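A.B. asks: I have a structure I would like to understand better, so I am pasting it below and will then ask my questions one at a time.
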Protein chains: 4
Amino acid sequence: MKDVHAMAPTRGRYELRQVGITGIRKPIHVIRDGIDHVLSASFSVAVDLPAHRKGSDLSRNAELLAEIVDWTAQKPVESFEAACAKIAEELLVRHQYANDATVSAEAEFFLRKGIAPGRESFEDFTILAETRAHRGADGQVTLTRGIGAEAVGMTACPCAMETCRERLTAEYPLLADPSLKGLPMITHNQRNRTRLLFELPPGIEVDATHLLEAIEHAQSSPTYAILKRGDEAQLVLNAHRNPKFVEDVMRDLLADLPARFPKIPDHVVVRVGTVSEESIHKYNVESSHETTFGELRRPSES
Amino acid sequence: MKDVHAMAPTRGRYELRQVGITGIRKPIHVIRDGIDHVLSASFSVAVDLPAHRKGSDLSRNAELLAEIVDWTAQKPVESFEAACAKIAEELLVRHQYANDATVSAEAEFFLRKGIAPGRESFEDFTILAETRAHRGADGQVTLTRGIGAEAVGMTACPCAMETCRERLTAEYPLLADPSLKGLPMITHNQRNRTRLLFELPPGIEVDATHLLEAIEHAQSSPTYAILKRGDEAQLVLNAHRNPKFVEDVMRDLLADLPARFPKIPDHVVVRVGTVSEESIHKYNVESSHETTFGELRRPSES
Amino acid sequence: MKDVHAMAPTRGRYELRQVGITGIRKPIHVIRDGIDHVLSASFSVAVDLPAHRKGSDLSRNAELLAEIVDWTAQKPVESFEAACAKIAEELLVRHQYANDATVSAEAEFFLRKGIAPGRESFEDFTILAETRAHRGADGQVTLTRGIGAEAVGMTACPCAMETCRERLTAEYPLLADPSLKGLPMITHNQRNRTRLLFELPPGIEVDATHLLEAIEHAQSSPTYAILKRGDEAQLVLNAHRNPKFVEDVMRDLLADLPARFPKIPDHVVVRVGTVSEESIHKYNVESSHETTFGELRRPSES
Amino acid sequence: MKDVHAMAPTRGRYELRQVGITGIRKPIHVIRDGIDHVLSASFSVAVDLPAHRKGSDLSRNAELLAEIVDWTAQKPVESFEAACAKIAEELLVRHQYANDATVSAEAEFFLRKGIAPGRESFEDFTILAETRAHRGADGQVTLTRGIGAEAVGMTACPCAMETCRERLTAEYPLLADPSLKGLPMITHNQRNRTRLLFELPPGIEVDATHLLEAIEHAQSSPTYAILKRGDEAQLVLNAHRNPKFVEDVMRDLLADLPARFPKIPDHVVVRVGTVSEESIHKYNVESSHETTFGELRRPSES
C-alpha cells in the first residue's frame, strides 16, 4: 500500500508545530491508597511535523493510547500524569521525524467529602495533565509535566457587603451598635471555578488532592452535595465571613503555595485561573496568572 | 438523475415522525417599533415521512429557509414567530407527502435596560418559537404557534435566610430587637435561567418583551451589565427582600399570567421551566411545569 | 429551625410537575460478566410538588443519590437502570407528598472492539436511563424503566452516490462496463450519532450492549479508534457498500428490533433518534421516531 | 461608599496578569459596502492588576462596552476589530493602574454564497478579534490587533483514497485501464473547521472576507446550505478531486497567504488551526501552527 503520509507535501514545505488527535476518550487505571481507580479521561496528543513530510502517522497515536490503557489495566499507574508522561515519551519514539510531543488530558475525579461528619458523599472535581516531551539536537528527550486540578466552590463579594452594610445601617441605625461588630451582611455570591497547574521537572511528585485542597481553601467556601438545613446555614455563614473577589481567590491561593509545597523548587512554573459565574450579571468575572514558585516566595513590596 | 429519495425503502416500511435539518443558522429581519432588527437565529425544521418513501427532500427545507430570509430582508416580518409560522405552513406545501411540520427556532435578543436612569445598556435574552403545522384528512392545515422567551436573573434562597437569621440571632441577641424587623439576612444566591412559552392559536399575538417582563418580575431580581457600587448594593438588597425558591419563581410567574395576558383564552397551553445554578452546590436545581390559562385562572383550593 | 419548604406558598397555589436537581455527577458501580465497572454518571432526579407546599425537600434527593452510590460500592448493581429504578422508587418513599418521580441519567461506557483481530481497543459509548415511578390513588407504585444507549458511527449518502455515478459515467464511459457492476462510487459521508431507548415493564431486562450492537449494525459502518491503512480502506469500503440516509438508519434499526429482541412484549415503547453531522453542509440532518414493538412487528403495507 | 477595590490586598501582594469580564454579549454595528450590519458579539476584556491594589474596577469594563456599542449604533465602525482596538485603548485610559489590556471577541457573520448562480443563500462564519494594548514605561500605548476568521468546510482523505484504489483495482481489474486515469475514488470525508488569524500592526487593514476566502480555498471544498441533486454531486466531485489531510489544509492555506496578502509586512504573526471531525473515528484530527509572513515567504528547502 502506498504510504501517502511519507510523501513530500504537494505545496507549502513548512514544518507544522502540532498535528494530532483530540477528544479521544479512554479509561485509565490509577492506584491511590492501594485502591484501583478508573478515570474516564479525554486526551489530546500531538507531535510536530517536519517540512519534508506530507502527513503525520496518526494511527500510531491511537495505538499508543490503547496500549497505555491496557498497560494501566494490568498495572495501574501511580498517577494520571504518570500515564501522560509515558504517552509523551512514547510519541517521540514512534514518530522518529518529530521533536516535540504534547499531551493534554483531563478526567473527572471523585473525592469523598462533607461539611460535617455523617454528611460525606462523592464530590466531583477535574484533574488535568499537560505534558511536553522535547528531543534536543543531541537526541536527548526532556520532559515537562504539567499537573493540575480544578474545583468548583463559592465566592461572596466583599465590596457589595460593605456597601450593603452602609445602606442598611442608614436604614437600621441599631446596626452600628458595637455588639453587632463582625455581623456578616448580605452580598451577592456565586459559583466559582478555579484551576491550578504546576509544570514540574522529573522526580518531583504532587498529589492532585493537595492541589484541590489548596483551591478549596482559597475560595469563600467549598461546596457540597449534601447540606441539611443547619449545614446550609453553616456554609452560607462560612462564605460570608470569608468574602472574596476573584482577585482574592487568586492571591490567597498563590500566597498559600510556598507553605503547602515547601519542596517544590523556585523555577517551577505555576498557572492559575478562576471564573466566577456572577449572580448579579449575565456574564462571568475571570482572572488568570502565570508565575513561578520563586516569585511566589518573594511577594512585591510595592 | 435518479430520484433516490422517492424510491421505496429497502427495508422497514415504517412511517417516521420527524425527518429534517437542525442547527441551521440564518439572519431574520424583524420590525419592532418601526426599526428593522436582524436576529441571528438557529432553526430546526422537520416533516414526517410516509412509509412508502425512502427519503425526505431535505434540500427543500434549506431552500425554503433561504427564501424566508430573503423575504424578511425585503419586507421585515412583524415577529420572530410570524417567520416560523410561515416556514411551517410552507413546509407542508413543499412536502406534499407530509402531514406534520415542526419548526423550532431560537435567537438572541437585545433589550436596552438598566437598574436606574443613566445605567441603560443592552442586556441579552433569548426568544423562542416552536411551531407545528398539521394537515388534516380534509387537507386543511391547522397551525400551533409556540412563542417563548428566556431570561437570566437572580434568586436568593428564603430557607437559608431564615436559618441564618436564627443562627445569627443566637450569636448576636440584639438582632431580635424589634427595630431590626425586616432586616434582610445573608443567604445564598444564584444565577437563574427561566423560560416561558405559550402555544397560541392563530389570531392572537404576544410580544416577546412582555414574556421577558413577566419572567424578570418573578425572579428575586433581574440582572444588569452596568452596576456602579450603589447600584450593586441596591440590586443585592432588592433580591434579598424578595427571596425565592425555584418553586416560587415558577408559581409567581404562573400566578401573574392571567392579569398580564387577560385576552389569552383558557385553552392556551403554557410551558414554564427554571434552572438555578446553585452557588452552594456543584449541581443545579430545576423545575418545569405545563398547564393552561384556564387552570391558571383557577388555582387549587387544597 | 423553621421548615420553610413545608409552609404554604405565598402566591400561586398550583401544583408543579417537576422540582428536582440536575447535573449531579456520581460514580456508580455496576457488575458485568463478574467484573466491577465504575460508571461516571450524571443524574437528574425530580418529583412533583403539591399545591399546598412551598418547596420540595431537595436535600433528600442528594442524600438518596449518595446512599445509592455507597450501596453500589458495597454491592455493585447488575445494571445502570437497576440503580435508576431504585432511585425512582426511593424518591417516592422520601417525598411522601409526591406521586411522580423521574430519574434521567447518562454515563459514558467503554467497550473493547476492533475492526479486525489485534486491533481491539476501548470505544466510548453512552448509556441512558429514564425511569418514572408513579404512586396511584391506591398507594401502589408503578415503575416505567427507560433503558437506552447511543453510538457514534458513520453514514455514506446513497443519493449522491447515484448522482456521482451518472456524472462520472458520462465522463468515463468505461464505467458502464458490466464488469464494474457493484463498484462503490464516491459520495459524502459523515459522523452519525444514533440513540435507542426502550420503556420496559418490570421483569424484562435488556443489556445495553445489545442496544449498541443494534445501532452499529444500522449505520453504514461502526467507527474505530485504531485503523491501520488497510483497515481504513476496509471501513471506507464497508460504509460505501452500505450507503444510508438517516431515514435508512432509522428504519433498518427499527426493522431489526423484533428479531433481535423476540421476548419483548408488543406494548413496549421504542424511541429512536439519529443525527448526521453532514460533511457537505454546516448544519445537521436529524430524524426521530416513537413507536411500539407491536407496531414494529406489523410494518405498513402502503 | 467605601472603595474596597482600591484597598491593599489582605494577603498575597502579587500582581495579576489578567482580571476582567468574559462572555459579555453585545450588538455591534459595522458598516460594509455602505450597509449597516449588526453583529451579535461575545467579548472578553481584561487588564492587569498591580500588587498594591485589591480589586479591578470591573464595572468600568461593562460601561465601556456599553458606550462602544452606543457609539457604533450612531456611527457604525468600519470593522469588528476597529471596535475591539478602540476598547483595548480605552481600557488603559479607564484603568490608570494597568499597563496591559486584552480584548478577545467573536461574532457570527453571514455571507451570501452559493455553489452556482441561483443557489445563493446566507452561510454562517465566525469573525474573531484579539487585541492587546500595552502602556510602556514612557506612557506610550502600543496596540497589537489580531484579526481572524473561521470557516466550516469539507475534507476528503487522500490516503484512504489511494488505498481504496489499490483494493478496488485488485477486485475490478478494469479500473487499471488508462482511460480511467484521474477517476476519483471513494474515501472518507468530514466536516472541517479552520481558523486563521493575523496580528496586525496599526495602519494595515485586512478584510475578514478575504481570510474566509483563503480558508475555503484551502479546504477540499466549501460547504453550502442549498444543494440540489446535481449540485451535491458537483460538490462531492470537487472535494474528491481535491483530497486533503488536515496537514494539507494547513500548508495550502499558509502557502497561499503571501500572494493573497502581498502588502502585509514580514514581521506580521500568523496563527492557523484546523480540526477535522473524522467520519471514521469518534475523535477529531487537529493541527495548529504559528509563523510569520516572513517565514511564509521563505519555505523550507529541506
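Every read-out reported here was derived from the displayed coordinates using simple, explicitly stated rules and does not represent laboratory data. What you see is a predicted model; the values in this text were computed from it and never measured. Here the Cβ is made from the backbone with ideal geometry for all residues, glycine too, and neighbour counts use every protein chain on show.
A.B. asks: For chain C, set up a GNM with springs between Cα atoms under 10 Å and report which of C:LEU175, C:LEU254, C:LEU211 has the largest fluctuation.
C.D. replies: Result for chain C, Cα springs under 10 Å: C:LEU175 fluctuates most.
A.B. asks: In a GNM of chain D with a 10 Å cut-off on Cα contacts, which of D:LEU168, D:LEU143, D:LEU196 has the highest mean-square fluctuation?
C.D. replies: Answer for the Gaussian network model of chain D: D:LEU168.
A.B. asks: If you don't mind, another one. Rounded to the nearest 20 debye, what is the charge dipole size of the stretch D:15-102 about its Cα centre when +1 sits on each Lys and Arg Cβ and -1 on each Asp and Glu Cβ?
C.D. replies: On the way: 10 positive and 13 negative charges, 56 e Å.
Roughly 280 debye, rounded to the nearest 20.
A.B. asks: Now for a separate question. Taking chain B as a Gaussian network, where each spring joins two C-alpha atoms under 10 Å apart, which residue of B:GLU78, B:GLU150, B:GLU106 fluctuates the most?
C.D. replies: B:GLU78
A.B. asks: What angle, in degrees between 0 and 90 and rounded to the nearest 10, separates the Cα long axis of helix D:80-94 from the longest principal axis of the Cα atoms of chain D?
C.D. replies: For D:80-94 against chain D, the angle is about 20 degrees.
A.B. asks: Rounded, prolate or oblate: which one fits the stretch A:140-302, using the alpha carbon gyration tensor with axes a ≥ b ≥ c (rounded when a/c is under 1.5, else prolate when a/b beats b/c, else oblate)? Walk me through the intermediate numbers first.
C.D. replies: Values: a/c = 2.51, a/b = 2.10, b/c = 1.20.
Since a/c reaches 1.5 and a/b is larger than b/c, the shape of the stretch A:140-302 is classed as prolate.
A.B. asks: Which chain A residue comes nearest the axis with its C-beta when you rotate A onto D, and by how many angstrom?
C.D. replies: Axis relating chain A to chain D; nearest Cβ residue and distance: A:GLU290, 9.
A.B. asks: Using θ = phi - 60° and the Karplus form 6.51 cos²θ - 1.76 cosθ + 1.60, what ³J(HN,Hα) does each residue of the stretch B:130-141 get, whole Hz, x for Gly and Pro?
C.D. replies: With the stated coefficients, the stretch B:130-141 comes to 9, 10, 10, 10, 10, 9, x, 4, 8, x, 6, 9 Hz.
A.B. asks: With angles folded into 0 to 90 degrees, how steeply does helix B:229-240 sit against the dominant principal axis of chain B? Use alpha carbons for both and round to 10.
C.D. replies: Its long axis makes an angle of about 80 degrees.
A.B. asks: Across the stretch C:28-42, in residue order, what do the Karplus-derived ³J(HN,Hα) couplings come to in whole Hz, using 6.51 cos²θ - 1.76 cosθ + 1.60 with θ = phi - 60° and x for Gly and Pro?
C.D. replies: 10, 8, 10, 9, 9, 6, x, 10, 7, 9, 10, 9, 7, 10, 10
A.B. asks: Next question. Averaged over its residues, how many other protein chain Cβ atoms are within 10 Å of peptide B:237-247's Cβ atoms?
C.D. replies: Neighbouring Cβ atoms belonging to other protein chains average 4 per residue here.
A.B. asks: Using a 10 Å cut-off on Cβ atoms, rank the peptides B:198-209, B:46-57, D:64-75 from the highest mean neighbour count down. Walk me through the numbers on the way to the answer.
C.D. replies: Working: B:198-209: 15.6, B:46-57: 21.5, D:64-75: 17.2.
Highest-to-lowest ranking by the protection proxy: B:46-57, D:64-75, B:198-209.
A.B. asks: Going by the alpha-carbon gyration tensor, a ≥ b ≥ c the square roots of its eigenvalues, is the protein assembly as shown rounded (a/c under 1.5) or, if a/c is not under 1.5, prolate (a/b greater than b/c) versus oblate?
C.D. replies: Numbers: a/c = 1.41, a/b = 1.21, b/c = 1.16.
The shape class here is rounded.
A.B. asks: Which of B:GLY230, B:LEU143, B:THR187 sits farthest toward the positive end of the charge dipole of chain B, with +1 on the Cβ of Lys and Arg and -1 on the Cβ of Asp and Glu?
C.D. replies: Value: B:LEU143.
A.B. asks: Taking θ = phi - 60°, what integer Hz values does the Karplus form 6.51 cos²θ - 1.76 cosθ + 1.60 yield along the stretch C:201-207, in sequence order, with x for Gly and Pro?
C.D. replies: Here the 3J(HN,Hα) series is x, x, x, 10, 10, 9, 8 Hz.
A.B. asks: How large is the charge dipole for the protein assembly as shown, taken about the Cα centre, if only the Cβ atoms of Lys, Arg (+1) and Asp, Glu (-1) carry charge, to the nearest 20 debye?
C.D. replies: Values: 144 positive and 176 negative charges, 1 e Å.
Once rounded to the nearest 20, the dipole reads 0 debye.
A.B. asks: Would you kindly work out, in nm and rounded to one decimal, the distances from the label point of C:GLY136 to those of the same position in each other copy, ordered shortest first, with label points 7 Å along Cα-to-Cβ?
C.D. replies: Here C:GLY136 shows inter-copy label distances of 3.6, 7.8, 8.4 nm.
A.B. asks: Taking R0 as 25 Å, what's the FRET efficiency between D:VAL93 and A:SER300 from their Cβ-Cβ distance, rounded to 0.05? Show your work: numbers first, answer last.
C.D. replies: Details: r = 24 Å, r/R0 = 0.98.
E between D:VAL93 and A:SER300, to the nearest 0.05, is 0.55.
A.B. asks: Follow-up question, since we're still on this one. If the label for D:THR22 sits 7 angstrom from Cα along the Cα-to-Cβ line, what are its distances to the same label in every other copy, in nm to one decimal, shortest first?
C.D. replies: Spelled out, the distances from D:THR22's label point are 1.6, 2.3, 2.8 nm.
A.B. asks: Using a simple charge model, +1 on the beta-carbon of Lys and Arg, -1 on the beta-carbon of Asp and Glu, nothing else, what dipole does the stretch C:140-302 show about its Cα centre, in debye to the nearest 20? Walk me through the intermediate numbers first.
C.D. replies: Working: 18 positive and 23 negative charges, 40 e Å.
With only Lys, Arg, Asp and Glu charged at Cβ, the dipole is about 200 debye.
A.B. asks: Taking D:LYS113 as the anchor, which lysines have their alpha carbon closer than 29 Å to its alpha carbon, excluding any fewer than eight residues away along the same chain?
C.D. replies: List returned: B:LYS2, B:LYS26, B:LYS75, B:LYS86, C:LYS244, C:LYS282, D:LYS26, D:LYS75, D:LYS228, D:LYS244, D:LYS263.
A.B. asks: For helix A:208-218, report the angle its Cα long axis makes with the longest principal axis of the Cα atoms of chain A; keep it between 0 and 90° and round to the nearest 10°.
C.D. replies: Tilt of helix A:208-218: around 30 degrees.
A.B. asks: Same structure, new question: Distances in nm, one decimal, shortest first, from D:THR169 to the same residue in every other copy, taking the label point 7 angstrom along Cα→Cβ.
C.D. replies: Copy-to-copy label distances at D:THR169, shortest first: 2.4, 8.8, 9.0 nm.
A.B. asks: Of A:VAL268, A:ILE24, A:GLY34, which is farthest along the charge dipole of chain A in the positive direction, counting Lys and Arg as +1 and Asp and Glu as -1 at C-beta?
C.D. replies: A:ILE24
A.B. asks: Charges on Cβ only, +1 for Lys and Arg, -1 for Asp and Glu, centred on the Cα centroid of the stretch C:1-139; of C:PHE125, C:ILE68, C:THR102, which one is farthest towards the dipole's positive end?
C.D. replies: Toward the positive end, the furthest listed residue is C:THR102.
A.B. asks: Net charge within 15 Å of D:TYR283 by Cβ-Cβ distance, Lys/Arg positive one each and Asp/Glu negative one each, not counting D:TYR283 itself?
C.D. replies: Numbers: positive: A:ARG25, A:LYS26, A:ARG60, C:LYS113, C:ARG191, C:ARG193, D:ARG191, D:ARG193, D:LYS282; negative: A:GLU63, A:GLU106, C:GLU108, C:GLU123, C:ASP124, C:GLU232, C:GLU277, D:GLU277, D:GLU278, D:GLU286.
Net charge around D:TYR283: -1.
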